[in-house]
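K.L.:
Structure incoming, see below.
Nothing in this text is a laboratory measurement; each read-out follows from the coordinates by a stated rule. Keep in mind the model is a prediction, meaning the values are calculated, not measured. We place every Cβ from the backbone using ideal geometry, glycine too, and count neighbours over all the protein chains shown.
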Amino acid sequence: MIKGKIKKLSPSIDEWLKEAKADRASSQEGMFLVHNGVVRQTPKAKVRHGIDDGSVVTGMIFSYDAAKVDAAISETYKMDGIFHVRVWLNEGQLELGDDIMYVLIGGDIRPHVVDALQSLVEKIKCECVTEIEQKD
């Protein structure tokens with residue numbers, strides 16, 4: 001990633017849902033869930049681990065490995081009851097409130113869709129992306 005690369009425009013979730021519902025598999029889907037991750041002021045260390053060094057996040061440099069994301073999406077399609085997966089990831093210099101990612105999962109029943117969304121977002125966050133928090 002080139003430092004300072006311009007962030008992308010966020011997708012239209014309405015359009016994503018229209019496309020998903022127009023797909024052949026949509027007749028098997030009873031639920032869609034969307035995850036929208038955004039840049040927050042509270043550092044990850046404080047939110048996840050309770051470590052408060054007094055700093056605040058002012059921005060983030062974000063990048064991802066497209067091949068790893070594609071592999072994670074492929075794995076998600078193998079989960080029970082999952083028929084639709086769509087992922088959008090931003091990149092470059094992000095500011096507070098900017099969208100980091102969108103993930104849309106469509107499947108047959110709530111437990112399958114919830115599990116797939118949680119699994120895919122966790123895999124993306126832990127294995128596919130690099131987030132460098134910029135702090136004051």
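K.L.:
So which helices (runs of 4 or more DSSP H) stay within the stretch 9-77 end to end and still have 2 or more residues that are touching a helix residue (DSSP H, G or I) at 6+ places or on another chain (Cβ under 9 Å) and under 17 Å from Ile100 (Cα atoms)?
P.N.:
Result: 66-77.
K.L.:
Looking at the stretch 100-136 only, could you name the residues that are assigned to a strand (DSSP E or B), surrounded by 17 or more Cβ atoms within 10 Å (Cβ to Cβ) and either out of contact with any strand residue (DSSP E or B) (no Cβ under 6 Å at 6 or more places or on another chain) or of a type in the set (A, V, I, L, M) (or both)?
P.N.:
Answer for the stretch 100-136, where residues must be assigned to a strand (DSSP E or B), surrounded by 17 or more Cβ atoms within 10 Å (Cβ to Cβ) and either out of contact with any strand residue (DSSP E or B) (no Cβ under 6 Å at 6 or more places or on another chain) or of a type in the set (A, V, I, L, M) (or both): Ile100, Met101, Val103, Leu104, Ile105, Val129.
Results for (1) over 25 Å from Ser26 (Cβ atoms); (2) free of Cβ contacts under 8 Å to residues at least 24 places away in the same chain; (3) under 12 Å from the mean Cα position of the chain (by Cα), shown as yes or no for each residue.
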residue	(1), (2), (3)
Ala72	no, no, yes
Met101	no, no, yes
Val114	no, no, no
Leu117	no, no, yes
Glu131	yes, no, no
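K.L.:
Among the residues of the stretch 72-87, write down those that are surrounded by fewer than 18 Cβ atoms within 10 Å (Cβ to Cβ) and either in contact with a Cys (Cβ under 8 Å, 6 or more places away or on another chain) or not hydroxyl-bearing (Ser, Thr, Tyr) (or both).
P.N.:
Ile73, Glu75, Lys78, Met79, Asp80 - these are the residues of the stretch 72-87 that are surrounded by fewer than 18 Cβ atoms within 10 Å (Cβ to Cβ) and either in contact with a Cys (Cβ under 8 Å, 6 or more places away or on another chain) or not hydroxyl-bearing (Ser, Thr, Tyr) (or both).
K.L.:
Taking His84 as meeting all but one of (1) part of a helix (DSSP H, G or I); (2) within 14 Å of Glu29 (Cβ to Cβ), write down the number of the exception.
P.N.:
(1)
K.L.:
A further question follows. Kindly indicate which of Gly54, Gly97 is free of Cβ contacts under 8 Å to residues at least 12 places away in the same chain and within 21 Å of Lys135 (Cα to Cα).
P.N.:
The unique qualifying residue is Gly54.
K.L.:
Does the stretch 29-51 contain at least one residue that is polar (S, T, N, Q), in contact (Cβ under 8 Å) with a residue 60 or more places away in the chain and surrounded by 15 or more Cβ atoms within 10 Å (Cβ to Cβ)?
P.N.:
For the stretch 29-51, residues polar (S, T, N, Q), in contact (Cβ under 8 Å) with a residue 60 or more places away in the chain and surrounded by 15 or more Cβ atoms within 10 Å (Cβ to Cβ): absent.
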